[in-house]
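Before I ask anything, here is the structure I am working with.
The values are calculated or read from the model by the stated rules, or taken from the named source; none is laboratory data. In this text the structure is predicted, and so the values were computed from the model without any measurement. Reconstructed Cβ throughout: ideal geometry from the backbone, glycine too, with neighbour counts over all protein chains shown.
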Amino acid sequence: MIPALSQVGDRMFQLTGVRAIMKDIIETLRSGAGREFINLSAGNPVLLPEVEQLWRDCTAELLASSEYSEVVCRYGSSQGYQPLIEAVLEDFNQRYGLNYSDRNVLITGGSQALYFLAANALGGYTQSGDLKQIVLPLSPDYTGYGGMTLEPESLKAYQPHLEINEKTHRFKYHPDFSKLEINAQTGFVLFSRPSNPSGNLLSDEEVEKIAAMAAPHSVLVFVDSAYAAPYPALNYAPMTPIFGENIVHCMSLSKAGLPGERVGIALGDERIIQVLEAFLTNLCLHSSRYGQAIAARAIRSGALAELSETVIRPHYQAKFATLESALDEAMPDSVPWYLHQGEGSIFGWLWLKDLPMTDWEFYQRLKAVGVILVPGDAFFPGLREAWDHTQQCFRISLTADHGEIAIAMQRLAEVARQVYG
């Protein structure tokens, strides 16, 4: 039997962004007939022994405590598990000089769920029929934003300004404030910092300027801090989390070694926290409490923040250094290539300017030499105008080992030499 889907059902059934590409990657790996691929597509964090041991230790503590039955065998508050809320508040209030209360925190089933709640609470059509837009001030950005809204026409992204260094083959995205519009028709603003896919890090001044543009219209700014300090602290350049009356600071513990437990954390004005909590209640009553309980222990002890700075960040920063040196050594001078400045996340972002084919076609050429990475076109959700740049970029995962990254870049350089002639 084939079910008849509603408009919403059809929308949610579609594979969007990287998910569609990952289907091809999985099929490629399955049908490889014994061929070895260097897979630079993964978004799963590396299983770092020290981080895995932290979660094992926290689990053992939970299992041995009387708290276990309360966590696993009882329903809880939609807002989240109180010990985790208290641990986050104590850490953030002390670390950043805040004065938040428990009314300023919401725990969700991962940050992806958080943005889905926000997109459909604040974006889309109002009761009067007006369209409230979800503004992405800098494109490219996280591919998952493309599937978060039930009203796809509400998503609007803006082309960035490109700062290019021809000598070093590096470049960087900046918001183009001459084009960015935030007004009464804006539902909310959303961006990742550091960015998936590019590793771009908006400066403190850029974040504050966006928030200032939004404030006169009572527009909220959601900052996706899945790679930010204090955990997992995957920022390679200095940064300060920015807080304010119209800023919602959003975190995820996935890249801190806990992706399977889906723990997302939002800190912001209690009025928006109440709205998002109501949506969460209607959706699933509350998020899983096991992950919240062990996260509370890891945060309260200070171990998660310490490992983020001493283990997680150095691991990926060293991988990015390997990527840089491999490209610098292997890429021919005849190819106009640019690597985005390494400012954070677990990815590199490569731009092949004036690529004589699409990113998908180049991806196929790379597969032929045993290298898999992610074509960049999926990372421009909400961008409505045509832009050649969207089919000239590639996301490179830093989850492979150093040797694999170096070999893969040598093969990529050879394919690029052939393609550019």
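Listed here are the residues, each with its yes/no results for (1) more than 24 Å from the chain's Cα centre (by Cα); (2) of a type in the set (S, T, N, Q); (3) under 18 Å from Ser345 (Cβ atoms).
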| position | (1), (2), (3) |
| --- | --- |
| Gly376 | no, no, yes |
| Pro381 | no, no, yes |
| His389 | no, no, no |
| Cys393 | no, no, yes |
| Ser397 | no, yes, yes |
| Gln410 | yes, yes, no |
| Ala413 | yes, no, no |
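One line per residue, one yes/no per condition, for (1) touching a strand residue (DSSP E or B) at 6+ places or on another chain (Cβ under 8 Å); (2) among the polar types (S, T, N, Q):
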site: Glu306; (1), (2): no, no
site: Ile312; (1), (2): no, no
site: His315; (1), (2): no, no
site: Lys319; (1), (2): no, no
site: Thr322; (1), (2): no, yes
site: Ser325; (1), (2): no, yes
site: Asp328; (1), (2): no, no
site: Pro332; (1), (2): no, no
site: Tyr338; (1), (2): yes, no
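Could you please tell me which pairs satisfy a Cβ distance under 8 Å, a separation of 6+ or placement on different chains, a first residue in region 382-394 that is assigned by TED's automatic domain parsing to the domain that holds Ala42 and over 19 Å from Arg365 (Cα atoms), and a second residue that is among the aliphatic types (A, V, I, L, M) and modelled with pLDDT under 95?
none
Criterion first (out of contact with any His (no Cβ under 6 Å at 6 or more places or on another chain), more than 25 Å from Leu323 (Cβ to Cβ) and at pLDDT 95 or above) does Leu190 satisfy it?
So Leu190 fits the description; yes.
Out of all the residues in region 241-281, which are in a loop (DSSP other than H, G, I, E, B) and under 16 Å from Ser192 (Cβ atoms)?
The first filter runs over region 241-281 and keeps only residues in a loop (DSSP other than H, G, I, E, B), leaving 241-246, 253, 257-258, 262-263, 268-269.
Hits for region 241-281 are Pro241, Ile242, Leu253.
Also: Go over the candidates Ala298, Ala266 one by one and state the one that is over 20 Å from Leu62 (Cα atoms), in the same structural domain as Arg56 (by TED's automatic domain parsing), touching a Leu at 6+ places or on another chain (Cβ under 8 Å) and crowded, with 16+ Cβ neighbours inside 10 Å. Walk me through it before giving the result.
Working: Ala298 fails: over 20 Å from Leu62 (Cα atoms).
The conditions single out Ala266.
State yes or no: is Asn183 touching a Ser or Thr at 6+ places or on another chain (Cβ under 6 Å) and outside any helix (DSSP H, G or I)?
no
Still on this structure, I have one more. State all residues of region 1-57 that are in a loop (DSSP other than H, G, I, E, B), more than 23 Å from Lys367 (Cα to Cα), at pLDDT below 80 and of a type outside the set (Val, Ile, Thr); if no residue qualifies, say none.
Met1, Gln14
Take the residues of region 324-366 that are assigned to a strand (DSSP E or B) and not aromatic (Phe, Trp, Tyr): which is farthest from Arg411 (Cα to Cα)? Give the derivation first.
From region 324-366, those assigned to a strand (DSSP E or B) are 337-340, 344, 347-352; that's our starting set.
Of the ones still in play, those that are also not aromatic (Phe, Trp, Tyr) are 339-340, 344, 348, 350, 352.
On the way: Leu339: 16, His340: 20, Gly344: 25, Gly348: 16, Leu350: 14, Leu352: 15 Å.
Only one residue fits best here, namely Gly344.
Using beta carbons and a limit of 6 Å, which pairs, at least six apart or on different chains, have the first residue in region 77-104 and surrounded by fewer than 17 Cβ atoms within 10 Å (Cβ to Cβ) and the second one of a type in the set (A, V, I, L, M)?
Asp102/Ile85
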